[in-house]
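Heads up, the thing below is written out as structure tokens.
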Amino acid sequence: MHDGLRMTTTWAMLGAEHTVRELVALGDSFVRIPRDSRGGLQPRQRIATIPQLERAALAGRRMGVAKLRQALELIRVGSASPLETELRLDAAADGLPEPDLDVEIRDGRGQLLGISEVVYRNLKVAVEVEGDHHRTDRNQWNRDIDKYASYAAEGWEVVRLTSAHIRGERPRAVAIVRAALLRHGWVPG
């Protein structure tokens, strides 16, 4: 429940009016486990789980149930923004491997280096989808610089993307990520 509304039912009611892609982005936001200011997971603050969304989608007769079923197959825990969801969907459609989401990156001693949104762990490629606050907030900017330096010291490549790369006139995010994965030994299958 959120402000008196059963959110899972609300999501399921949108099946008739929204695209599968929109339903996935909304579903991702519902199942995301938020983090506190220190990076700790807060599972009690998530809006819903995937099984809850599934139950709502399949409860009774529902308009748009086919789109809801398609969306359920694509919803993942860990996407922090619609841009991250769009990147993930575009990458999957282009044959890239499925990434891990909302990943704590640690050094060889187990020390936390940072948390990254989209990660290809076995290839040591982290993708950062950066909103404008990464550029305009001095503290965020400095944290990002330190984090990326720590990643590089451990052999990680960081791919930095903005909305222009994902939604721009000529989206090129997937090509950029593909190139990084290939540099790190990914073999398309």
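Overview of results
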{"quantity": "Positions within the stretch 8-30 being within 17 Å of Thr49 (Cα to Cα) and among the β-branched types (Val, Ile, Thr), in sequence order", "calculated": "Thr8, Thr9, Thr10, Val24"}
{"quantity": "Filtered residues of the stretch 1-46 (kept if at pLDDT below 90, closer than 26 Å to Arg62 by Cβ and not in a helix (DSSP H, G or I))", "calculated": "Met1, His2, Asp3, Gly4, Leu5, Arg6"}
{"quantity": "Hits in the stretch 128-144 (condition: at pLDDT 80 or above and open to solvent by less than 90 Å² (accessible area, probe 1.4 Å))", "calculated": "Glu128, Val129, Glu130, Asn142, Asp144"}
{"quantity": "Residues of the stretch 51-100 that turn out to be assigned to a loop (DSSP other than H, G, I, E, B), basic (Lys, Arg) and open to solvent by less than 70 Å² (accessible area, probe 1.4 Å), as a count", "calculated": "2"}
{"quantity": "Residue count, the stretch 162-171 (criterion: surrounded by 13 or more Cβ atoms within 10 Å (Cβ to Cβ) and without any contact (Cβ under 8 Å) to a residue 12 or more places away in the chain)", "calculated": "1"}
{"quantity": "The stretch 156-175: number of residues that are touching a strand residue (DSSP E or B) at 6+ places or on another chain (Cβ under 6 Å), more than 13 Å from Pro99 (Cβ to Cβ) and β-branched (Val, Ile, Thr)", "calculated": "1"}
{"quantity": "Boolean, Glu22 is surrounded by fewer than 17 Cβ atoms within 10 Å (Cβ to Cβ), out of contact with any His (no Cβ under 7 Å at 6 or more places or on another chain) and touching a residue at least 40 places away in the same chain (Cβ under 8 Å)", "calculated": "no"}
{"quantity": "Odd one out for Leu89, checked against (1) of a type outside the set (Asp, Glu); (2) over 21 Å from Arg167 (Cβ atoms); (3) touching a residue at least 60 places away in the same chain (Cβ under 8 Å)", "calculated": "(2)"}
{"quantity": "The stretch 124-177: number of residues that are of a type in the set (A, V, I, L, M) and either under 15 Å from the mean Cα position of the chain (by Cα) or within 16 Å of Asp94 (Cβ to Cβ) (or both)", "calculated": "12"}
{"quantity": "Filter result for the condition that a residue is out of contact with any helix residue (DSSP H, G or I) (no Cβ under 7 Å at 6 or more places or on another chain), of a type outside the set (D, E, K, R) and either open to solvent by less than 30 Å² (accessible area, probe 1.4 Å) or at positive phi (or both), over Gly39, Gly15, Gly108, Gly27", "calculated": "Gly39"}
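Yes/no matrix, rows are residues, columns are (1) outside any loop (DSSP other than H, G, I, E, B); (2) over 24 Å from Val187 (Cβ atoms); (3) in contact with a His (Cβ under 9 Å, 6 or more places away or on another chain); (4) open to solvent by less than 30 Å² (accessible area, probe 1.4 Å):
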{"site": "Ser116", "(1), (2), (3), (4)": "yes, no, no, yes"}
{"site": "Val119", "(1), (2), (3), (4)": "yes, no, no, yes"}
{"site": "Ala126", "(1), (2), (3), (4)": "yes, no, no, yes"}
{"site": "Asp146", "(1), (2), (3), (4)": "yes, yes, no, no"}
{"site": "Arg160", "(1), (2), (3), (4)": "yes, yes, yes, no"}
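The values are calculated or read from the model by the stated rules, or taken from the named source; none is laboratory data. Please read all numbers here as calculations on a predicted model, not as lab measurements. Virtual Cβ from ideal backbone geometry, glycine too; neighbours counted across all protein chains shown. The area values use the complete protein model at the heavy-atom level, side chains included, leaving out ligands, DNA and RNA. Shrake-Rupley method; radii C 1.70, N 1.55, O 1.52, S 1.80 Å.
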